[in-house]
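The values are calculated or read from the model by the stated rules, or taken from the named source; none is laboratory data. For clarity, every value in this text was computed on a predicted model and none was experimentally measured. A quick note on method: Cβ atoms are made from the backbone with ideal geometry, for glycine too, and the neighbour counts reach across all protein chains shown. Note: accessible area is taken over every heavy atom of the protein model, side chains too, but ligands, DNA and RNA are not part of it. Shrake-Rupley method; radii C 1.70, N 1.55, O 1.52, S 1.80 Å.
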Amino acid sequence: MNWFIDAGVMEQKSGFLGDKGKCWLWWAEELSLRGWKNHIYCHYFGSKKIRETWWRKLLFLWVVGWLLGSLWIFWFMYSQAVEKRKETLASMCDERARMLQDQFNVSMNHLQALAILISTFHHAKEPSAIDQMTFARYAERTAFERPLTSGVAYAVKVLHAEREEFERQQGWTIKVMYSKKQSLAAETQEVSPVQVEYAPVIFAQDAFKHVISIDMLSGKEDLENILRARSSGKGVLTAPFRLLKSNRLGVILTYAVYRRELPVDATSHERIQAAIGYLGGIFDVEALVDKLLHQLACKQSIMVNVYDTTNSDEPISMYGANITNKGIYHKSSLNFGDPMRKHEMHCRFKKNPPLPWLAITTSFGALVIALLIGYIFHATVNRIAKVEDDYRKMMELKKRAEAADVAKSQFLATVSHEIRTPMNGVLGMLQMLMDTDLDITQEDYVRTAQASGKTLVSLINEVLDQAKIESGKLELEAAPFDLRAVFDDVLSLFYVKSQEKGIELAVYVSDRVPETLIGDSGRIRQIITNLMGNSIKFTEKGHILLTVHLVEEVMACSLEEEKKGHSLYSLSGYPVIDRRQSWANFKIFNQDLPGFQQILSSSSSDLINLIISVEDTGVGIPREAQSRVFTPFMQVGPSISRIHGGTGIGLSISKCLVSLMKGEIGFASEPQVGSTFTFTAILSRAQANLNEYKPSEFQGMTSLVIDHRPARAKVTRYHLQRLGIQSELAMDLKDAIPLIADRTQLVNMVLVDKEAWSKNADLWPLFMDKLRKEKKLDTPKVFILANPCNSARNGSANSTEYGSTVIMKPLRATMLLVSLQRAMGSGGKDNFQNGVLPGLCLSSLLHGRQILVVDDNIVNLRVAAGALKKYGAEVTCADSGKKAITMLKPPHKFDACFMDIQMPEMDGFEATRRIREMEANINDRIKHGEISLEDCGKILHWHVPILAMTADVIQATHEECLKYKMDGYVSKPFEGEQLYREVTRFFKSNTKKIQ
């Protein structure tokens, strides 16, 4: 309908709808909601007559109607409250009646069981197995099973012919039931007169021993109870009466004891003949009901009365005071098992019902709301017009905000470029200054300036990463890399700081983790650097351990260190946090998730799910600060930034990077114990390994590792296995000596932790002598693994007395390889690949290479040219993209080109695009024979490697470089390691294309 009403549509359609069409449009407008709204508002509410006349009548009817309505609401809600109060009282009363009845039934059942016990062990055995003492003790100990009974007693059936013999056996005479006027003393009671049958009490609970020898048939009510109980075979209750001792109301429950088990359909005569005794239970009704009611939380909210209503005209009150209040009350029936007696429980609220405030406030509120609706209706029209104006203003502000966001991103990109460009010059010139002859003071100044510059660049990177995360522009690369080499680089980064603090650094990667993975190695390095950097800051003693496993290993609980104690089996002996707590809340470990089975089978697919932990023994994180650990720009306290520095966004960035890797991150920390941060990441399995080089001279060798800490020995074995060396582990010298004496096993080297060396210092001369005697022809080399602390360095001199070599921790494959080669005299220092010094390989890669450097900034040209000339390259400079196009027009002499991206007139992307077009054109002409090989430099396919140089870390992404067919990119200011990584990749992969 609104579509027809739209003015533009009406104007466009009116030309071909005709008169009938216009008529339909007019009716549509009249019938539409928008039309009626405008019509009513303009015709009525804009009329002065309605405002003065009809509006008053309408308002009066509105007020009267809602006044009546509010009265109806009050009556309805009040009646509902009364009914609810009745239901509540009925529920509470029935609950108490049910509890009282249930406990009474429990007591009845136990009394019946006691009657069977007496029949079995007193009457069926000769002599009897029960006497007064046994009965009293049993009754006292089982009193908790009869919660409502005050006491029990047993009376035996005695005929007149048996009386004399019975009294002689018992040692007392049968006495009549005492009256209220008589004393409770036995000597004041009268002897029972002659009658056909007696029922003297022979057993009684200690509290009721005074009833022993009393004939229960001499009392009127007891006589009736006994006669009814033995003829019916069921429990029989007396009417309420005052107990003599307590003067409280009570009843007696009587059970008949039979000589034998009677059939269900036994007659009354058969039951009377078989009866041999009577068991009675005394119930103090007032005390027991009061005790029961006090067990309920709401015992004070209602008043309870219990009545014996056997005689409905004159009910007997068993519990509670007489109530004259005629308010709401409820009756609940009680069934105590005796069909001849009826009982009821009457309940009333103790307090009068409160005023129905809910009904009053609701009805009054409804009236107030109704009165306000009229005012709201009038105000709404004015409000709509104002909202429309506000909406137009908001849309305009939204456009401004979007433009401001774009401007912010552009501003960050520009600021990034403008700051990093001079920083590139500063750091580059400082690096070139470091290569000159400097005295010690000058070199210290230069290193300080260089460290400050790197810190500033790191801070800029963090802020820009946070900006990219907020704008959603942060993307990950996917390239093959060696995870173990990345972690070795991170350890090298923190080597100096760990030495200064005396902290032991270590890394362990599970054997099940592939050597080569596909992912963003730079971002993984950034996450690990952030985590280990925090650990270094807040750890003063102990260790920092980096571990990597597959998720399925953790799910299968196959980690040995998780099964053992923390302090004894930790890396340094200090207690650590149970690392399982750091991943306890990970969704990936929820077996109910749909992808759980896929995770378990990830080993057979191309996806690799890693779980990486960084464990430290630092000061820990206070519990009150743990909730804001991953909040950007938030730190534990204001003093942290003053003491340790930092912006507080490293962990926030790490969390976002982990999310991009489809993983999770968590931590567990305890003050003064340490922290453990754990994250997962999903990477891909590379089709081919990067061929980590294992020197042939170490293949097949066997080493003996002596270390009393299993976790530390495991790390040492991991690094030796990377070099192809098999390892045997020994906890101490006692375990090592038998391995040395074993002539069937060749040991090529012995690696001893310095702590284990110092622990058994007295035994080492004996061990070394044993080593020389057993291995005369080929004595194994002995290496001491020392921690970066003063004690280790001071003690290393003693170890050289036995011809051993000291290897400083943290262990890395390249460093360990160099140490072994030097000590064992095999190979040189430069025949390894992973983690080598970039300068060594850069010199071999760049020596004699013709490199073109393109940058509009003269300082950057000098820095880039100086860095490349340092490694033996022949460098030619160009200050614009147009000159680069002219110089790279085939045929040319250049082996590679370093291209700045942001340049005036023509940026690096456009220049690269034109260079690739020229190369494609000449390659096509060569393919079709239009140009001879001599004219194009005897090269069949032209493709010069172009490496992007940029200070804009937001726009210069790897994907954008590939879009313009660049071979890679490096962010300014670049360093030797970064330059080596990129140059190695494109020279190895693309140099062949120029040949």
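Would you check if Asp742 is more than 16 Å from Val509 (Cβ to Cβ) and at pLDDT below 80? Here the answer is yes, as Asp742 does meet what is asked.
List the residue pairs whose Cβ atoms are under 7 Å apart, where the first residue sits in segment 660-677 and is closer than 19 Å to Glu540 by Cα, the second is open to solvent by 50 Å² or more (accessible area, probe 1.4 Å), and the two are 6 or more positions apart or on different chains. Sorted first by the residue in segment 660-677, then by its partner, the pairs are Ala668/Gln581; Pro671/Val619; Gln672/Val619; Val673/Pro575. Is it the case that Thr441 is at pLDDT below 80 and polar (S, T, N, Q)? Answer is no for this residue. Taking the criterion of being open to solvent by 20 Å² or more (accessible area, probe 1.4 Å), of a type in the set (Lys, Arg) and at pLDDT below 80, the residues of segment 949-985 that qualify are Arg981, Arg985.
Is it the case, given these coordinates, that Phe679 is touching a strand residue (DSSP E or B) at 6+ places or on another chain (Cβ under 7 Å), at pLDDT 85 or above, of a type in the set (A, V, I, L, M, F, W, C) and open to solvent by 10 Å² or more (accessible area, probe 1.4 Å)? So Phe679 fails the test. When Ile946, Ile931, Ile926, Ile939 are checked against the criterion of being modelled with pLDDT of 85 or more, farther than 30 Å from Asn857 by Cβ and of a type in the set (A, V, I, L, M), Ile926 stands alone in meeting it. Among the residues of segment 136-168, what is the count of those that are under 28 Å from Gln195 (Cα atoms) and of a type in the set (A, V, I, L, M, F, W, C)? Total satisfying the criteria: 8.
Within segment 391-398, can one find any residue that is within 30 Å of Asn857 (Cβ to Cβ) and of a type in the set (Lys, Arg)? The answer is no; no qualifying residue exists.
Screening Glu145 against (1) surrounded by fewer than 20 Cβ atoms within 10 Å (Cβ to Cβ); (2) within 26 Å of Gly219 (Cβ to Cβ) leaves a single unmet condition, (2). Does Leu427 count as closer than 27 Å to Ser452 by Cβ, in contact (Cβ under 8 Å) with a residue 40 or more places away in the chain and surrounded by 15 or more Cβ atoms within 10 Å (Cβ to Cβ)? Yes.
Gly472: open to solvent by less than 70 Å² (accessible area, probe 1.4 Å) and at positive phi, yes or no? Yes; evaluated as a whole, the condition is true for this residue. Within segment 691-698, is even one residue of a type in the set (Asp, Glu), at pLDDT below 85 and closer than 30 Å to Glu477 by Cα? Yes. For segment 108-117, the criterion of being in contact (Cβ under 8 Å) with a residue 12 or more places away in the chain, among the polar types (S, T, N, Q) and open to solvent by less than 50 Å² (accessible area, probe 1.4 Å) is satisfied by no residue at all. Residues that are surrounded by 19 or more Cβ atoms within 10 Å (Cβ to Cβ) and in a loop (DSSP other than H, G, I, E, B) do occur in segment 240-250, at least one of them.
What residue, among those in segment 438-469 that are among the β-branched types (Val, Ile, Thr) and under 14 Å from Val426 (Cβ atoms), is surrounded by the most Cβ atoms within 10 Å (Cβ to Cβ)? The residue in question is Val457. Only residues that are closer than 22 Å to Asn530 by Cα and not charged (D, E, K, R) were counted across segment 417-447, and they come to 0. Per this entry, Leu491 is not counted among residues that are surrounded by 15 or more Cβ atoms within 10 Å (Cβ to Cβ) and part of a loop (DSSP other than H, G, I, E, B).
Among the residues of segment 251-297, the one identified as surrounded by 21 or more Cβ atoms within 10 Å (Cβ to Cβ) and among the polar types (S, T, N, Q) is Thr254.
In this structure, is Lys655 touching a Phe, Trp or Tyr at 6+ places or on another chain (Cβ under 7 Å), at pLDDT 85 or above and not hydrophobic (A, V, I, L, M, F, W, C)? Yes: the conditions hold for Lys655.
Here is the figure for segment 208-218: residues that are open to solvent by 10 Å² or more (accessible area, probe 1.4 Å) and in contact with a helix residue (DSSP H, G or I) (Cβ under 9 Å, 6 or more places away or on another chain) total 5.
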